[in-house]
Amino acid sequence: MKAVVLGAAGGIGQPLSLLLKSNPLITELSLYDIVNAPGVAVDLSHIATPAKVEGYLPADDGLKKTLTGANIVVIPAGIPRKPGMTRDDLFKINAGIVRDLATGIAEHAPKAFVLVISNPVNSTVPIVAEVFKNKGVFDPKRLFGVTTLDVVRASTFVSEIIGDRGLATSVTVPVVGGHSGITIVPILSQSSHPLPASLTGDARAALINRIQFGGDEVVKAKDGAGSATLSMAFAGAEFAGKVLRAAKGETGIVAPTYVNLAADSTGAKALSGIIGDLEYFSAPVELGPEGVKKINGLGSLDDSEKKLVEAALGDLKTNIEKGVSFVGSSK
Ligand code: NAD
Ligand code: LMR
């Protein structure tokens, strides 16, 4: 398996590349950035794991060399937030970065699984899809917006509330919708571990708010030095590992991820009762050898969760349209 990281010298890119270098399923790791990727690659290449590591800059067909033969491409390239910014404020710069990298993937690795981390994810995933459609190579089963950090945060915060951090690795809570503010919808009623009976009203609302705005907590604490990098690298490596394991034939792997709903028309039809005609949504997805095997429904939601899903739909629609029309207008 050849894995690629685009934006590999950045705050996420470096620790993510380190974690991918530690994944025994990866035999080749190819790193790309506009700065420092060869240095990061040489550093990682001394680690005693099987993956062969190479690093490229844009010069001398670097993107083509990076991508040729790739099975999986992870994209954390682009600028992060500073305090006071929304993820949508990043669109101006990151949309063009993602469009250009997607063009390279469509040309040099059109069959690779593509995992988009760059924000705003709600819009950058549609950007990748539109580029691929224009090149005639779009396969919705192979494109994923990485929302795993929201799932990781939910596990962490819920284990804290239960009062047993030892549970952090086993608690699972589906988080659906999208990846920004109120489009992040934690389904606490489906927590794998029961929440304390006292967690009602304001306390429950505070937990939901913390999961939805966990990114802001990090941006604030970093005070101008960027956003989540280490926890994102953990989450990105976790999700990439699941995609790779499913590609190798492991069954029963389900993870929430932001996908184009054309990836599974039956699943999409079932979802449409609650999300209408949205083209993209993060739902629990069963992964398989071709990527998306099945988009699962949202299960039973309580009334407050139905309201949270409804509240997410407007922003999602606007974010998706923004990504789609960006590619349309840059043709
Ligand atoms: P960073 O600035 O530390 O790193 C970004 C890297 O991208 C830099 O090394 C930069 O040189 C590189 N880059 C810029 N333009 C490029 C191009 N055209 N080609 C290749 N590389 C390019 O930022 P970061 O903290 O690593 O965050 C990266 C992105 O990930 C941001 O958009 C951030 O908002 C997003 N993010 C997403 C999630 C998520 O849950 N999906 C979580 C955290 C951060
Ligand atoms: C996060 O959720 O931490 C990321 O999307 C980065 C951010 O801007 O908050």
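No lab work stands behind these numbers, since they all come straight from the coordinates. Computed from a predicted structure; not experimentally measured.
Using only the alpha carbons of region 2-145, what is the convex hull's orientation-averaged projected area in square nanometres? Working shown, then result.
Numbers: hull surface 32.7 nm².
For the Cα atoms of region 2-145, the hull's average projected area reads 8.2 nm².
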Task: Selected from 182, 93, 208 as most flexible by GNM, with the chain as the system and alpha-carbon contacts under 10 Å - done: 93
Open item on the list: I need the Debye-formula profile for region 147-327: one equal scatterer per C-alpha, no solvent, reported as log10 I(q)/I(0) at q = 0.12, 0.16, 0.17 1/Å, two decimals.
Closed with: -0.58, -1.06, -1.20
Open item on the list: What three numbers, in Å, describe the spread of the alpha carbons of the chain along their principal axes, ordered from the longest?
Closed with: 59, 43, 41
Open item on the list: Which residue fluctuates most in the GNM of the chain (Cα springs below 10 Å): 239, 157, 144?
Closed with: 157
Open item on the list: Springs between alpha-carbon pairs under 10 angstrom, Gaussian network model over the chain: which of 166, 201, 273 fluctuates most?
Closed with: 201
Open item on the list: Just to confirm my numbers, what's the Cα centroid distance between region 29-43 and region 141-156 in Å?
Closed with: 25
